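Heads up, the thing below is written out as structure tokens.
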Amino acid sequence: MSKPTPISGFPEWTTAQRMIEQFVLDRIRTTFELYGFAPLETRSVEPLDQLMRKGDTAKEVYLLRRLQADTDGPAGDDALGLHFDLTVPFARYVLENAGKLQFPFRRYQIQKVWRGERPQEGRYREFLQADIDIVDRDTLPAHYEAEMPLVIGDALRSLPIPPVRIQVNNRKICEGFYRGIGLTDAEAALRAVDKLDKIGPAKVTELLAETAGASEAQAKAVLSLAEISAPDASFADAVRGLGVSDPLLDEGVAELTAVVETAAAHAPGLCVADLRIARGLDYYTGTVYETQMIGYERFGSICSGGRYDNLASSGNVRFPGVGISIGVTRLLGLLFGAEALSVSRSVPTCVLVAVTAEEDRAASDAVAAALRSRGVPTEVSPSAAKFGKQIRYAERRGIPYVWFPGADGDEVKDIRSGEQVPAAAGEWTPPRADLKPLVGPAGTGV
């Protein structure tokens with residue numbers, strides 16, 4: 001095979017980066033389970049009509065299609081697409097399994113998704129997401145909307161990454177405000193405001209006029225609402241100061257106040273009320289979230305989600321929910337690009353067992369087996385070369401210890417310090433810091 005051409009947008013990490021990714025996933029998974037979320041994995045494909053329910057996504061969906069038609073095979077493959085997020089598959093799963101689930105149903109899902117986006121830094125065509133959702137039957141108490149930032153805050157704080165800020169808004173505030181000033185197409189207005197950071201106020205004003213029928217005064221009021229931001233419940237006074245009244249607006253202000261105050265009690269500074277956060281997707285109905293990593297704000301959100309009341313329904317039964325998703329590949333890609341993360345070694349191996357001679361390899365294998373049985377990651381030297389060469393092999397791979405079997409007793413050497421001591425495979429244990437590779441910010445010596 002000749003050297004292949006890389007395919008952009010489909011990242012393949014190095015082994016060291018993959019170990020960092022697995023460390024991150026373990027931390028995220030642990031936090032999710034601490035909050036009582038159960039694991040779930042759904043299929044990679046969904047019917048196109050289901051994928052299309054999430055707004056204007058047709059240009060991003062990858063189709064599943066055989067290279068050659070199989071007239072005897074299952075029908076309908078040409079109507080399947082790879083899922084581009086984990087919320088739509090989860091909604092379908094809830095509908096199909098509602099009779100077996102205990103509500104409120106709390107699940108986490110860590111899977112790859114696919115989107116036909118233009119690849120760039122932090123944006124990929126194949127990437128990993130880590131989702132949590134809480135779904136109930138008929139009604140979902142608003143306090144779950146306040147819980148989402150707590151879970152994500154704890155998960156991200158457990159990682160060796162820069163601090164994050166979760167920006168929160170409530171769609172009811174926006175829709176109630178728009179209704180209060182006489183705008184009838186709230187969805188068009190929300191989609192316009194969602195582009196504020198990308199195209200600026202002047203272009204958003206034009207877009208509001210073109211797509212939502214907003215007058216100059218209405219567009220000015222919409223932008224005044226979007227300018228409100230506060231790290232506490234004082235945002236509510238700023239909203240009331242605009243002089244617009246509507247019951248839905250009041251409901252949204254009360255719900256967002258609860259989210260901000262709950263987050264402040266749990267982790268001061270974690271959340272900020274930011275009323276320009278719109279989340280342009282059509283199905284959000286309440287609190288919406290976007291998360292920025294401090295120092296990487298120009299790349300946008302690394303974690304987002306919101307409340308949805310109408311995504312899943314069966315007859316007269318609705319399954320409202322709230323969820324949030326960490327863009328794991330996006331997060332790591334940005335940090336890898338900045339060389340901001342490091343791992344103490346590029347292999348999991350803690351001990352290399354030396355081989356004195358090929359006819360004695362069985363003795364080295366026995367030592368390795370004894371160490372592994374006690375949870376020490378171990379490999380055996382690939383050859384019975386001189387001990388100096390075996391030590392250099394361990395150094396190249398970043399393995400901290402070399403074990404020397406001996407007729408009069410074994411010894412283990414820390415090749416970083418040069419210290420060599422007698423040891424028994426059934427008793428010796430490396431320091432906890434050496435047992436597994438350590439992950440941390442670059443430059444911290446991990």
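GLY445 meets all of the listed conditions (1) more than 20 Å from ALA370 (Cα to Cα); (2) assigned to a loop (DSSP other than H, G, I, E, B); (3) modelled with pLDDT of 95 or more; (4) of a type outside the set (Asp, Glu) but one, namely (3). Checking LEU140, LEU159 one by one, the residue that is touching a helix residue (DSSP H, G or I) at 6+ places or on another chain (Cβ under 6 Å), touching a residue at least 24 places away in the same chain (Cβ under 8 Å) and hydrophobic (A, V, I, L, M, F, W, C) is LEU159 and no other.
Condition first: among the charged types (D, E, K, R) and more than 24 Å from VAL317 (Cα to Cα). Can you find one or more residues in the stretch 156-171 that meet it?
First pass over the stretch 156-171, keeping only residues among the charged types (D, E, K, R): 157, 165, 171.
Add one more test, that the residue is more than 24 Å from VAL317 (Cα to Cα), and what stays is 157, 165.
Yes, the stretch 156-171 has at least one match.
Report yes if LEU159 is part of a loop (DSSP other than H, G, I, E, B), of a type outside the set (Gly, Ala, Ser) and more than 16 Å from the chain's Cα centre (by Cα), otherwise no.
Numbers: part of a loop (DSSP other than H, G, I, E, B): yes; of a type outside the set (Gly, Ala, Ser): yes; more than 16 Å from the chain's Cα centre (by Cα): no.
Considered against the rule, which asks whether it is part of a loop (DSSP other than H, G, I, E, B), of a type outside the set (Gly, Ala, Ser) and more than 16 Å from the chain's Cα centre (by Cα), LEU159 comes out as no.
Listed here are the strands (runs of 3 or more DSSP E) enclosed by the stretch 243-324 that have at least 3 residues being within 25 Å of PRO201 (Cβ to Cβ): 271-274, 284-293.
So, of the residues in the stretch 78-87 that are open to solvent by 10 Å² or more (accessible area, probe 1.4 Å) and more than 13 Å from TYR62 (Cβ to Cβ), which turns out to be nearest to the chain's Cα centre (by Cα)? Before the answer, list the steps.
Pass one, the stretch 78-87, residues open to solvent by 10 Å² or more (accessible area, probe 1.4 Å): 78-80, 82, 87.
Then keep just the ones that are more than 13 Å from TYR62 (Cβ to Cβ); that gives 79, 87.
Numbers: ALA79: 28, THR87: 13 Å.
Out of the qualifying residues, it is THR87.
Within the stretch 351-378, being in contact (Cβ under 8 Å) with a residue 60 or more places away in the chain and surrounded by fewer than 21 Cβ atoms within 10 Å (Cβ to Cβ) holds for one residue alone: GLY375. In the stretch 293-307, which residues are under 25 Å from GLU187 (Cβ atoms) and open to solvent by 10 Å² or more (accessible area, probe 1.4 Å)? Within the stretch 293-307, GLY300, SER301, SER304, ARG307 qualify.
Restricting attention to the stretch 189-236, the residues that are touching a residue at least 60 places away in the same chain (Cβ under 8 Å) and within 14 Å of PHE177 (Cβ to Cβ) total 2. Checked across the stretch 254-267, the condition of being crowded, with 16+ Cβ neighbours inside 10 Å and charged (D, E, K, R) holds for at least one residue. Can you find even one residue in the stretch 277-291 that is out of contact with any Asp or Glu (no Cβ under 7 Å at 6 or more places or on another chain), touching a residue at least 12 places away in the same chain (Cβ under 8 Å) and among the polar types (S, T, N, Q)? Yes: the stretch 277-291 contains one or more residues that are out of contact with any Asp or Glu (no Cβ under 7 Å at 6 or more places or on another chain), touching a residue at least 12 places away in the same chain (Cβ under 8 Å) and among the polar types (S, T, N, Q). Checking each residue in the stretch 26-65 for being out of contact with any Asp or Glu (no Cβ under 8 Å at 6 or more places or on another chain), part of a helix (DSSP H, G or I) and at pLDDT 95 or above picks out ASP26, ARG27, ILE28, ARG29, THR30, PHE32, GLU33. Which ones in the stretch 177-234 are open to solvent by 30 Å² or more (accessible area, probe 1.4 Å), among the small types (Gly, Ala, Ser) and part of a helix (DSSP H, G or I)? Correct list: GLY180, ALA202, ALA209, ALA217, SER224. Evaluated against (1) at pLDDT 95 or above; (2) touching a helix residue (DSSP H, G or I) at 6+ places or on another chain (Cβ under 7 Å); (3) aliphatic (A, V, I, L, M), ALA254 falls short on exactly one condition, (2).
The single condition among (1) within 30 Å of MET293 (Cβ to Cβ); (2) open to solvent by 70 Å² or more (accessible area, probe 1.4 Å) that ARG392 does not satisfy is (1).
Test of understanding: among GLY327, GLY333, GLY337, which residue is in contact (Cβ under 8 Å) with a residue 60 or more places away in the chain, under 26 Å from PRO437 (Cβ atoms) and open to solvent by 40 Å² or more (accessible area, probe 1.4 Å)?
Numbers: GLY327 fails: open to solvent by 40 Å² or more (accessible area, probe 1.4 Å); GLY333 fails: open to solvent by 40 Å² or more (accessible area, probe 1.4 Å).
Result of the check over GLY327, GLY333, GLY337: GLY337.
Do we have ARG137 as assigned to a helix (DSSP H, G or I), open to solvent by 10 Å² or more (accessible area, probe 1.4 Å), within 25 Å of ARG318 (Cβ to Cβ) and of a type outside the set (Ser, Thr, Tyr) here? So ARG137 does not fit the description; no.
Apart from one condition, ALA433 fits all of (1) open to solvent by 50 Å² or more (accessible area, probe 1.4 Å); (2) touching a Pro at 6+ places or on another chain (Cβ under 7 Å); (3) small (Gly, Ala, Ser); the exception is (2). Criterion applied to PHE127, PHE103 was being part of a loop (DSSP other than H, G, I, E, B) and at pLDDT 95 or above, and the one residue passing it is PHE103. If we keep just the residues of the stretch 308-324 that are in contact with a helix residue (DSSP H, G or I) (Cβ under 6 Å, 6 or more places away or on another chain) and either farther than 22 Å from ARG157 by Cα or open to solvent by 30 Å² or more (accessible area, probe 1.4 Å) (or both), which is modelled with the highest pLDDT? Result: PHE319.
The values are calculated or read from the model by the stated rules, or taken from the named source; none is laboratory data. Fair warning: this is a prediction, and the values are worked out from it, not measured in the lab. Positions of Cβ are backbone-derived with ideal geometry, glycine not excepted, and every protein chain shown enters the neighbour counts. Note: areas computed on protein heavy atoms with side chains; ligands, DNA, RNA excluded. Shrake-Rupley method; radii C 1.70, N 1.55, O 1.52, S 1.80 Å.
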